[in-house]
1. How high is the relative contact order of region 57-197, in percent, counting Cα pairs under 8 Å that sit 6 or more residues apart?
2. Which residue, 66, 41, 112, has the most motion in a Gaussian network model of the chain that connects Cα atoms within less than 10 Å?
3. Can you tell me the Rg and the Dmax, both Å, for the Cα atoms in the chain?
4. What's the local net charge at residue 117, with K and R +1, D and E -1, over the other residues with C-beta under 14 Å away?
5. With +1 assigned to the C-beta of every Lys and Arg and -1 to the C-beta of every Asp and Glu, and no other charges, what is the dipole magnitude of the chain about the Cα centre in debye, to the nearest 20?
6. Quick check: residue separation of residue 166 and residue 179 times 0.36 nm, minus the Cα distance between them. What number comes out in nm?
7. Distance in nm between label sites at residue 47 and residue 146, each 7 Å beyond Cα in the beta-carbon direction?
8. Which one of 134, 83, 120 has the biggest mean-square fluctuation once the chain is modelled by GNM with Cα springs under 10 Å?
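Read-outs: derived from the displayed coordinates by stated rules, not from any lab. Everything quoted here is computed from the prediction, not taken from an experiment. When we count neighbours, we look across all protein chains shown, and the Cβ atoms used for this are built from the backbone with ideal geometry, even at glycine.
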Amino acid sequence: MKIYGLRAERGKLKYYDEHIHYTLDGTPEYVWRKVLDEICNYNPELSIKTPLEFVTSKCKFKDLDNHTWLKTDFMLPVFSKDLLRKFLDLNMAEHKTYEVIIRDNKNQDLMNNNFVAFYLTESFDCVDWKKTPLREINGKEVFDFQIAQYRDDIDYPPIFKIKGMSISNSHFTSESFKNRYSDLGIGGIQFEKPVGK
């Protein structure tokens, strides 16, 4: 089974020139390192308060609703509510969502609340551990998701995190779901180079 990484769709600009930036408005205690640690440990509750407030950067405010997955430097993916509904119609893994408000950086009175921050609260055990070699790094055997063998005898959710990865910030989909995305009306997503066999 091949597995594809998922991210917000790239446009003409370089990836990091297209994102929206988060602000700390309404979340004065937000510490990204703490939240990243909570995400990597699959804490059921994250140390963030809602609504999360963002301001546009390179993405124009009037174009926000043309996107389904916004490029951000935030720790969680920011999905349109429409994309979330499409995922929820499928076999979605355990997750939480956080309310998001996006303001126009040129006119703070303009507000868009058509997006949510999405958090998978569990990882998906899809690795065939009997056939997956471990890679030796500094004398230790570690799991490498790029050379892993993935199971083809289970039903995959449309989006998941791989159980066994030390950094659990990346999102993936199976080859079978990748081929179904357009039929399901799921767009605005970039598929990364496949891993696994």
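1. Details: 197 pairs, mean separation 31.4, N = 141.
Relative contact order, region 57-197: 22 percent.
2. 66
3. Rg and Dmax of the chain, Cα atoms, are 17.6, 56 Å.
4. Values: positive: 49, 71, 81, 96; negative: 38, 45, 53, 73, 99.
Surrounding charge for residue 117 is -1.
5. On the way: 29 positive and 30 negative charges, 116 e Å.
Computed about the Cα centre, the dipole is about 560 debye.
6. On the way: separation 13, 0.36 × 13 = 4.68 nm, distance 2.78 nm.
Once the chain is fully extended between residue 166 and residue 179, it gains 1.9 nm.
7. In this crude spin-label approximation the distance works out to 3.2 nm.
8. Taking springs between Cα atoms under 10 Å, the residue moving most is 134.
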